[in-house]
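Peer 1: Here it is, the structure, as structure tokens.
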Amino acid sequence: MTARSGRWIQEWDPEDETFWNRTGEKIARRNLLFSVLSEHIGFSVWTMWSVLVLFMGPEYGLTPADKFLLTSMVTLVGAVVRVPYTFAVAVFGGRNWTVISAGLLLVPTVAAFAVMEPGTSFSTFLLVGLLAGIGGGNFASSMTNINAFFPLRKKGWALGLNAGGGNIGVPVIQLAALAIIGASGGPRVLLGIYIPLIVVAAVLAALYMDNLASVRNDTGAAKDAARDAHTWIMAFLYIGTFGSFIGYSFAFGQVLQNQFDRTPLEAAYVTFIGPLLGSLIRPVGGSLADRYGGARITLWNFVAMGAATAVLIVASMQKSLVLFTVAFVVLFVLTGLGNGSTYKMIPGIFQAKARALGLAGEAAAAYGRRLSGASMGLIGAVGALGGVGINLAFRQSFLSYGSGTGAFVAFLACYAVCFAVTWAVYLRRPAVRSSDTSPAPEEKPQLSYADV
């Protein structure tokens with residue numbers, strides 16, 4: 001039975017099927033729902049400047065390089081705050097921190113509402129944009145929290161749905177901007193709508209979410225996760241998937257404006273499609289990973305991302321807007337698919353290590369939850385830095401060549417490296433020992449991650 005004190009659940013064992021079927025699944029799904037809501041609004045606040053810069057015309061006095069720099073810095077803050085947000089769940093509790101982190105979204109939203117007008121200095125816009133970066137932190141705390149609620153067999157689906165529901169905050173604010181700013185409502189109207197929504201998300205989290213007493217502040221888990229090579233390998237792969245998703249979300253509209261001379265409205269009519277499809281497909285990536293193995297899905301996804309990027313290079317060189325747009329949307333879909341498969345790999349990797357250490361049952365599950373939860377913040381933070389790199393690459397490409405072609409060539413090389421790392425670390429078969437040779441007693445067993 002689930003013991004509860006206030007909003008704290010004292011006993012939680014999702015790997016116990018009887019417990020899960022009787023009470024666990026209902027509680028986990030309820031927490032997932034309101035976690036998604038808060039994270040969704042967090043993503044909208046984080047990426048609101050990708051929309052605002054499209055409608056900041058000549059009267060604002062910002063150059064294309066200024067706008068790419070602004071969005072790069074917003075992405076950077078969102079990446080950095082993911083580390084403390086991850087560990088805040090253990091310190092404050094998942095429900096408590098969701099309430100706090102949702103409330104904090106009022107700060108950048110109200111600030112942007114106050115300064116959004118021509119005549120405001122670039123340094124002021126940059127400072128207010130940096131505040132919006134805190135919206136990126138909600139993802140890390142939400143994923144860490146939801147990871148603890150679900151059993152291993154359900155993590156791919158749950159984490160994919162949680163992250164996908166959050167990611168969809170990107171196209172939602174882009175669609176809202178198209179409807180509101182496009183109808184001459186102005187940026188302040190858009191920001192004003194989000195202020196009460198933030199309050200609603202915080203109140204609902206306070207009323208309906210729970211804290212897990214088993215998720216306590218464990219500095220040892222953070223240190224162990226940071227020392228584990230797989231944390232940093234997965235962080236690199238996540239740069240290729242989520243870093244691409246968030247970077248392209250910020251940059252897509254600006255590329256259309258600067259390379260194909262689209263107006264703000266013409267760009268806005270297209271930019272939401274890629275993030276929308278990329279967000280919706282993320283749970284599918286998690287489900288496919290549950291069924292076929294995250295490493296396999298991730299490997300072939302990088303192949304497809306490389307192919308889509310190659311098409312983008314051709315379209316960019318030929319100045320074909322239709323081919324460019326279609327290929328970019330396809331690339332968005334693939335980033336979402338890869339987001340789901342890579343995050344499914346994380347708990348599977350640490351579960352495999354637990355088995356190699358001789359652990360079984362709840363002991364193995366607890367080991368996996370402990371290290372995967374701690375590593376998710378680091379992986380999410382480093383992965384989001386990919387978005388910074390993408391915006392800076394576009395900025396430099398436009399300054400040097402007048403187009404994004406140079407940036408796409410660099411991205412293609414990055415996806416090739418991600419493919420090689422995925423194959424070498426998680427899918428390459430271990431060397432086969434001869435039948436008459438026994439491993440030394442002190443030799444560690446070889447691990448197979450092909451099914452993670």
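Peer 1: Please work out how much length the chain gains when fully extended from Lys223 to Ala363, using 0.36 nm per residue of separation minus the C-alpha to C-alpha distance, in nm with one decimal. If you can, show how the numbers build up before the last one.
Peer 2: Values: separation 140, 0.36 × 140 = 50.40 nm, distance 1.95 nm.
Full extension of this stretch gives 48.4 nm more.
Peer 1: Rounded to whole Å and ordered largest first, report the semi-axes of the equivalent ellipsoid of region 1-95 derived from its Cα gyration tensor (root of 5λ). Write down the numbers at each step before the final one.
Peer 2: Numbers: eigenvalues 358, 39, 20 Å².
Equivalent ellipsoid of region 1-95: 42, 14, 10 Å, largest first.
Peer 1: Could I ask something else about it? So if I restrict to the alpha-carbon atoms in region 277-358, what is the Rg, and what is Dmax, the biggest pairwise distance, in Å?
Peer 2: 15.8, 58
Peer 1: Quick check: pseudo-label points 7 Å beyond the Cα along Cα→Cβ at Trp300 and Arg188, how many nm apart are they?
Peer 2: Spacing of the two 7 Å Cα→Cβ label points: 5.3 nm.
Peer 1: Which of the trypsin sites (Lys or Arg not before Pro) across region 317-424 are loop residues per DSSP, with 15 or fewer other Cβ within 10 Å? Intermediate values should be presented prior to the final figure.
Peer 2: Details: sites: Lys319, Lys344, Lys353, Arg355, Arg369, Arg370, Arg395; in loops: Lys319.
Of the trypsin sites (Lys or Arg not before Pro), the ones in loops of region 317-424 whose Cβ has at most 15 other Cβ atoms within 10 Å are Lys319.
Peer 1: Between Trp423 and Asp261, what length in nm is gained on full extension when 0.36 nm per residue of separation is reduced by their alpha carbon distance? Before the final figure, lay out each step's value.
Peer 2: Working: separation 162, 0.36 × 162 = 58.32 nm, distance 4.03 nm.
Stretched fully, the Trp423-Asp261 segment lengthens by 54.3 nm.
Peer 1: In addition: Convex hull over the Cα atoms of region 224-380, averaged projected area in nm²?
Peer 2: Numbers: hull surface 39.3 nm².
Over every viewing direction, the Cα hull of region 224-380 projects on average to 9.8 nm².
Peer 1: Moving on to the next point. Pop out the ³J(HN,Hα) list for region 25-33 in order, Karplus 6.51 cos²θ - 1.76 cosθ + 1.60 with θ = phi - 60°, rounded to Hz; leave Gly and Pro as x.
Peer 2: Calculated HN-Hα couplings, in order: 4, 4, 5, 4, 5, 5, 5, 4, 4 Hz.
Peer 1: When the Kirkwood radius is taken over all Cα pairs of region 297-403, what Stokes-Einstein diffusion coefficient follows at 20 °C and 1.002 mPa s, in µm²/s? Before the final figure, lay out the partial values.
Peer 2: Details: Rh = 16.5 Å.
D = 130 µm²/s.
Peer 1: Moving on. Determine the per residue accessible area of region 262-413 with all protein chains present and a 1.4 angstrom probe, expressed in square angstrom.
Peer 2: Solvent-accessible surface per residue comes out at 36 Å².
Peer 1: Can you send over the carbon and sulfur percentage of the accessible area for the chain, probe radius 1.4 Å, protein chains only?
Peer 2: Working: 11320 of 17340 Å².
C and S fraction of accessible area: 65 percent.
Peer 1: Full extension from Tyr401 to Phe122: what is 0.36 nm times the residue separation minus their Cα-Cα distance, to one decimal in nm?
Peer 2: Working: separation 279, 0.36 × 279 = 100.44 nm, distance 2.46 nm.
Result for the pair: 98.0 nm of gain on full extension.
Peer 1: In nm, to one decimal, how far is the modelled label at Ala416 from the one at Val203, with both set 7 Å along Cα→Cβ?
Peer 2: 5.5
Peer 1: To continue, here is another question. So what is the diffusion coefficient of the chain in µm² per second by Stokes-Einstein at 10 °C and 1.306 mPa s, using a Kirkwood Rh over Cα pairs? Don't jump to the answer; show the numbers that get you there.
Peer 2: Values: Rh = 22.2 Å.
D = 71 µm²/s.
Peer 1: Counting other Cβ atoms within 10 Å of each Cβ, which GluC sites (Glu not before Pro) in region 1-83 have at most 15 and sit in a DSSP loop? Mind dumping the intermediate values first?
Peer 2: Details: sites: Glu11, Glu15, Glu17, Glu25, Glu39, Glu59; in loops: Glu11, Glu15.
Those satisfying the criteria are Glu11.
Peer 1: Considering only protein heavy atoms, what per residue accessible area in square angstrom results for region 14-95 with a 1.4 angstrom probe? Walk me through the intermediate numbers first.
Peer 2: Numbers: 2800 Å² over 82 residues.
Per-residue value: 34 Å².
Peer 1: Taking a cut-off of 18 Å between Cα atoms, list the lysines near Lys154, but don't count ones fewer than 8 places away on the same chain.
Peer 2: Those lysines meeting the cut-off are Lys26, Lys344.
The values are calculated or read from the model by the stated rules, or taken from the named source; none is laboratory data. As the structure is a prediction and not an experimental result, all values here were calculated from the model. Positions of Cβ are generated from backbone atoms using ideal geometry, with glycine treated the same way; all protein chains shown enter the neighbour counts. Just so you know, the surface numbers come from the protein's heavy atoms only, side chains and all, with ligands and any DNA or RNA stripped out. Shrake-Rupley method; radii C 1.70, N 1.55, O 1.52, S 1.80 Å.
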